[in-house]
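Each remark here refers to the structure printed beneath this line.
What follows draws every value from the coordinates through simple rules; no lab data is involved. These numbers were taken from a predicted model, which means no experiment stands behind them. Glycine gets a Cβ as well: all are built from the backbone with ideal geometry, and neighbour counts include every protein chain shown.
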C-alpha cells in the first residue's frame, strides 16, 4: 500500500496510520494489534501497536464477543474508508505506469524489501 501511494507522491498520508490489523489468540486470551508504517523519505519502517489484550474466559465470559465485534467493525467501518483511499490512488496512477514483474528471484516474496524494516 505504501509503495502504491509512493507512485503518486501521496505516501505521507499513510505516515503512522494503521493499514492492517491482526488478532492472535489461544484457549484463554486474545490480542489485537494495528500495523502502521513510519515513513522517512524513501525509508519505510513497519510497527505493530497493541490495541487490546483480554481474557475471554474471565468474568463469566463477559468478553467472549469482543474479538468478533472488533473484527466486524473493521469490515463495516474501517475497511470502506480504507478502500476509498486506495481507489483514489488507483484513479490517480499515471497511464504509462509499468507493472512488469522481474523474474530474477525465485519466489519474489523478498524482492524490493531493502527499504523496509519490520519491527514489533
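How far is it, in nm, from the label point at residue 62 to the one at residue 25 when both lie 7 Å from their Cα along the line to the Cβ?
Going by the 7 Å Cα→Cβ label model, 1.9 nm.
Quickly work out the residue 47-to-residue 35 label distance, labels modelled 7 Å from Cα along the C-beta direction, and quote it in nm with one decimal.
1.6 nm
Apply the a/c threshold of 1.5 to the C-alpha gyration tensor of segment 35-77 and tell me whether it is rounded, prolate or oblate.
It is oblate, given that a/c is not under 1.5 and a/b is not larger than b/c.
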